[in-house]
Amino acid sequence: MICAISGEVPDEPVVSKKSGLLFERRLIERYIEDHGKCPVTKEELNMDDIVPIKTNKVVKPRPLQAASIPGLLGIFQNEWDALMLSNFALEQQLHTARQELSHALYQHDAACRVIARLKKERDEARTLLAQAERQIPASVVGAAPAAVVSNGKRAMEDEIGPDGKKIRPGINPVMIEELTECNTMLSAQRKKRQVPPTLAPIDALERYTQISSHPLHKTNKPGILSMDIHPSKDIVATGGIDTNAVLFDRPSGQILCTLTGHSKKITTLKFVPRDELFVTGSADKTVRIWQESENGNYNCIHTLKDHTAEVEAVTVHATQKYFVTASKDNSWCFYDISTGSCLTQVGEASGQEGYTSASFHPDGLILGTGTTDAVVKIWDVKTQSNVAKFEGHVGPVTAMSFSENGYFLATAAHDGVKLWDLRKLRNFRTFSPYDSETPTNAVEFDFSGNYLATGGSDIRVYQVANVKVEWNLIKTLPDLSGTGKVTSVKFGADAKYIAVGSMDRNLRIFGLPGDDQMEESNTAAE
């Protein structure tokens, strides 16, 4: 038994009820008298919390005879006690100083690396600029640009209104009629829709485990931030921190192509199967539309620069002729996908808040957006008016998904997942699977509307019920990336597999064991 202060065997051992540490009685009494707390744990401590430990003394000490000797011994004992307490305090100060020094050296090293990277990027940009200047023909530089003249004035590419904002053509009556017809048709089809017989049953989802892992992105900039799955081709697209979008053929396990062009991380992406198009949004404030070519690669056909801050979400309308982008500049834009033109931009740049997620209702006449200030907004697409607000989240609304039946909206934020009844405009259930320090980053209904998946520090799959019946947890899948941060979750066709992206470079596929080998053999046979 060693004293926690002096490091020696105590003459009168006592123990703290709170920390369980052993002390020399005279040392701890003096420390409590001076400081009123435990010297090791720094908890509040008084003498009532000290319990003496009884020990057998074989030989009793002899009484001191000389008057001067006990006095000297007492002085020496007090000096020794003071020396032990001072030495203990110095050791604690030394430990704190070492920690602060280590932290400062780490920060200095990180700053040096950032400065070196910035210098390298600056030099590369200067080199590219010099090459571009040399390649521009002199005739092109000296030629005057062609101008369209109207009433003696040059027409600008983007007309500016009196308030200094770009004039948008708006959503015309023909488009509104098209959106309304699509809404009517989809609503009628939904009432007749039944659960597909090929849908994966609950007992199959309960046995899901990781069946494959694929390193798609760069090792020096790991992190998958967004994901989408082509509904008919079983192609998984991922967008990463490395500024690339990767298209991956899941049955064959091969990368089809890597799309480069964005200068910052890709935050959102969506397939548009109708014309084999692909849309990406990035933190570089741009949106790119890609067209598939005959050789299977994708070429950028439009670069859209209507936002003034990071583009956080892209959602495609059910007609597959229009799409919406949402940005942290506190605006969302409605685009014609064939021309890449912004028909309308809703909202004003504020800098204090912005949109972090967006999704079309399955019928296409309602748009949901999530903001940085924890508010979910519901918009009427025809009039671009805000018709409802859902409050109650904590932190930015990171993801949202409408159920296929059109009745429910699931939203994810720092405090978990909330389910909203769109008929009564109220929250009827909340999932808070993690602690206050772990946000929920992904939420997704499967296409049939029977399952709901959420992603945070793990992946959880729920069985969809109704407002009154409990939504049962079917399966909890671990985050095998080791980062503790799942960023995106998508169901494959008929929920036969679940694709997961995390803050490492790997795409992970969860399904029934043996399905991946079966698919590989089928692909080889074909």
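Leaving out ligands, DNA and RNA, what percent of the accessible area of the chain is carbon and sulfur, probe 1.4 Å? After summing per-atom areas, the C and S share lands at 52 percent.
Among the GluC sites (Glu not before Pro) in the stretch 163-215, those located in a DSSP loop and surrounded by at most 13 other Cβ atoms within 10 Å of their own Cβ are E206.
Dipole of the stretch 180-511 computed with +1 at Lys/Arg Cβ and -1 at Asp/Glu Cβ about the Cα centre; of T430, P222, V500, farthest Cα towards the positive end is T430.
Highest mean packing comes first when the peptides 111-122, 382-393 are listed by Cβ atoms within 10 Å, giving 382-393, 111-122.
Computed with a 1.4 Å probe on the full set of protein chains, the accessible area for W471 sits at about 10 Å².
Rounded to the nearest 500, what is the chain's calculated 222 nm mean residue ellipticity when only DSSP H runs of at least 4 contribute -39500 (n - 2.57) each, over all residues? Intermediate values should be presented prior to the final figure.
Working: 6 runs with 119 residues, N = 526.
It comes out at -8000 deg cm²/dmol, rounded to the nearest 500.
When Lys and Arg each count +1 and Asp and Glu each count -1, what net charge do the other residues less than 12 Å away from I5, Cβ to Cβ, add up to?
Numbers: positive: R25, R26, R30; negative: E8, E24, E29, D81, E91.
Counting the neighbours of I5, the net charge comes to -2.
Annotation: amide H of S502 within the under-5 Å range of I224, T487, sequence separation 5 or more or interchain, hydrogens built in the peptide plane. Averaged over its residues, the chain has an accessible area of 54 Å² per residue, based on protein heavy atoms and a 1.4 Å probe.
Grab the other residues whose beta carbon is less than 12 angstrom from that of A188, score K and R as +1, D and E as -1, and report the net. Could the numbers behind the result be given before it?
On the way: positive: R190, K191, K192, R193; negative: E181, D363.
Charge balance in the 12 Å sphere: +2.
Efficiency by 1/(1 + (r/R0)^6): what FRET value for A110 and M185, r their Cβ-Cβ distance, R0 = 45 Å, to the nearest 0.05? So, using R0 = 45 Å, E works out to roughly 0.20.
Note on surface exposure: M503, M227, M185, M1 rank M1, M185, M503, M227 by accessible area, highest first, 1.4 Å probe. Since only G392, T315, S263 are under comparison, the one whose Cα sits farthest along the positive direction of the charge dipole of the chain, derived from C-beta charges on Lys, Arg, Asp and Glu, is G392. The dipole here belongs to the chain: it is taken about the Cα centre, uses +1 on the Cβ of Lys and Arg and -1 on the Cβ of Asp and Glu, and is about 320 debye. With 10 Å bins beginning at zero, the pair-distance distribution over Cα atoms of the chain amounts to 3, 14, 21, 19, 12, 10, 8, 6, 4, 2, 1, 0, 0 %.
The values are calculated or read from the model by the stated rules, or taken from the named source; none is laboratory data. What you see is a predicted model; the values in this text were computed from it and never measured. Please note: Cβ atoms are built from the backbone with ideal geometry, for glycine as well, and neighbour counts cover all protein chains shown. Surface areas here come from the heavy atoms of the whole protein model, side chains and all, with no ligands, DNA or RNA. Shrake-Rupley method; radii C 1.70, N 1.55, O 1.52, S 1.80 Å.
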